[in-house]
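Peer 1: My questions will all concern the structure given below.
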Amino acid sequence: MPARDGTAAFSDLFSGRLAPGRPNRMALALALAMTLSACAQQGAAPQVQPEAAPEIAAELPVVKLSPPEKAPEPPVREFPIDTFYTLLVAEVAGNREQYDIAMANYYQQAEATRDPGVAARATEIARYLNARRAALRASQLWVDLEPKNPAALTTAASELALAGRLNEALYYCERLMENGFNAPMTAIAARAAGDQAALAGVLPEYQRLLQTFPRNAELLLGTGILLHNSRQLDEALKHARLSQEVDPNLVDAPLLESRVLNDLGRKEEALSLLSRMLEAYPDNHHLRLQYARFLASEDLDKARDEFAVLVERNPNDDSVIFSLAVIQFELAPDEGAEQLFQRLIEMDKHVSSANYYLGQIYENQRNVASAVQHYRKVEPGNADYLKAIQRGNRLLTAAGAHDMSHGWFNELRERHPNNGLDFYMIESEILAQHQQYDNVHALLSKALAQFPSNGRILFARAIANQSRGKMALFEQDLRQLLEMDPDNTVALNTLGYTLADRGERLDEAFVLIERALQLKPDDPAIIDSMGWVHFRKGNYEEAIRYLRQAFDKLQDHEVAAHLGEVLWVTGEQEVAQEIWDQGLQIKPDSHIIPGVIQRLKGPNGGPTGETTADVPPPEVPDQ
């Protein structure tokens, strides 16, 4: 049987010999007889290339075996007639694309004949079909029949690694290295790298093997990969460089070195290394891809240029097209990004993400209809699914298309009934952002009919009622929420602060805030409320103490407004102005602080002596 990779050999065997539906029996019989004779020769097993794990195949090239010394060919032996016809059926099945039959027949005859050529062929077919269990069984049978065949050992090691049986894979690798052959040590290391348990089990084995094979470049590199993923960065760097000293042509070694340098924060060194390597290997895809990825966090313009080269050389590589499209979107969305995302949709790759970015492009162009159309095409499971829903419905609401937005949310609630509450809340938030408070109230009342006494809905409706000036309904919803959950600190604080801010029922407000503070003594929002209710009650020293504590914990413009007002009222105008200035640095567009300043200073900037309504004078201590 000819030595070649699985795809080519399988394709050669099952194409060109039989026209579909019209078997050329003479050609088939002659070809099969030659194939089976070759299979019967013990030393003619195919050289199967080892495979890296699927998730790292793009990062680590397939390991190439050193050619074994040529052995004398053993004599050809004939198969029994039953075997001959079983394999004939396998060939016909393969020609008819019934590959499962072909694989089953070959494996059956491999076990029956104990012929290494047939076992190799069964392995080859199983690997071509990505039938991992069958490939593992067949490869192990092949090793049993040819225990010194490097192709058999490498294939078995690769299949064991894919099955997660890494220590067994390393056993075969050790046998390969003992006989002077390369072993897929980097592929197995990369397979272990993403699993901390596997990493902890495999790393000591690599370090043990290094005691025996200290100058094995693949082993040094594999150890470096494991050390890198166990965050032993200095040791990983050392092993990456050692592997390059042993084999300067091992391009994966500088790739690892650049990753380690990047993780060590030595980005300039990493980029410089990759730049030098690209000068030596300008056509190496993995080097350029790594260089482009690192540039993406440092220089988007240069990263775009590198990804453009990658796309030109690999026009069907959806991952590099997507990377270029995203970078182009960040730099200039109207200059080529749209075409790249459309290209991905035509390729049926990254479709949801492409639609999300196209939605943003059309949103920036104020093309609401096209933007919404693309946002609606983002599918569940995509990281941008909820963001697409929010952006699309914000556009519709801003455009006054409330019915369209509400219809979209109704569809979502029907499509995802388990997330119905979440979609009610998202819809209400969008309506509130556009000050559609009556619509918010109506929507949340409908939601409460479906989710009775739900705390999230009650609180959101209370805030909507407050925004629409319906204070009795506001308090009613919060009181209902507190009946359901007496220790709800958000409800306690919100009701208490609102009463204090309005100067109403201050003793009751104090009790509510005090209870909230007992439950959450370190919450800066509640501490601020306590300071504010003390201010309203005229307890200025206590007010300043609590408000300073709140501002120390939470650098917030509203807390700054409160603290500044109390300081101003108590005569510390300069300190008050400093606090307000700090608050405006935190939130330059704050409307609260300018409102307080104007009220206290007057329209011309002079003091008016006015404070908020119903604030009593400060308490005078006993003489």
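What follows draws every value from the coordinates through simple rules; no lab data is involved. The structure displayed is predicted, hence computed values, not measured ones. In this analysis, Cβ positions are derived from the backbone assuming ideal geometry, glycine residues included, and neighbour counts consider all displayed protein chains.
Peer 1: Under the rule a/c < 1.5 gives rounded, and otherwise a/b versus b/c splits prolate from oblate, where does segment 428-480 land using the Cα gyration tensor?
Peer 2: Because a/c hits 1.5 or more and a/b fails to exceed b/c, segment 428-480 counts as oblate.
Peer 1: Considering the options 337, 316, 371, tell which one lies farthest towards the positive end of the dipole of segment 303-420, charges being +1 on Lys and Arg and -1 on Asp and Glu at the Cβ, about the Cα centre.
Peer 2: Of 337, 316, 371, it is 371.
Peer 1: Further, regarding this structure: What is the Cα coordinate range of segment 368-416 on the first, second and third principal axes, sorted by size from largest, in whole angstrom?
Peer 2: 29, 21, 13
Peer 1: Applying the Karplus parametrisation 6.51 cos²θ - 1.76 cosθ + 1.60 with θ = phi - 60° to the phi angles of segment 175-186, what ³J(HN,Hα) value in whole Hz is obtained for each residue in order, glycine and proline being reported as x?
Peer 2: The phi angles translate into 4, 4, 5, 4, 9, x, 9, 5, 10, x, 6, 6 Hz.
Peer 1: Continuing with this model, one more query. Per the Kirkwood definition applied to all pairs of different Cα atoms, how many angstroms is the hydrodynamic radius of segment 255-355?
Peer 2: After inverting the mean inverse Cα-Cα distance, the result is 14.0 Å.
Peer 1: So, in nm, how far is label residue 553 from label residue 249 when the simple model puts each one 7 Å beyond its Cα toward the Cβ?
Peer 2: Taking the simple label geometry, residue 553 and residue 249 are separated by 6.7 nm.
Peer 1: Compute the semi-axes of the equivalent ellipsoid of segment 464-557, taking the square root of 5 times each eigenvalue of the Cα gyration tensor, and list them largest first in whole Å.
Peer 2: 22, 15, 12
Peer 1: Spelling out what I want: for every residue of segment 496-511, take phi, set θ = phi - 60°, compute 6.51 cos²θ - 1.76 cosθ + 1.60 (Karplus), and round to whole Hz; glycine and proline get x.
Peer 2: Once rounded to whole Hz, the list reads x, 5, 4, 4, 5, 5, 8, x, 10, 6, 5, 5, 5, 4, 4, 4.
Peer 1: For a footprinting-style exposure proxy, rank 523, 348, 477, 501 by other Cβ within 10 Å, fewest first.
Peer 2: 348, 501, 523, 477
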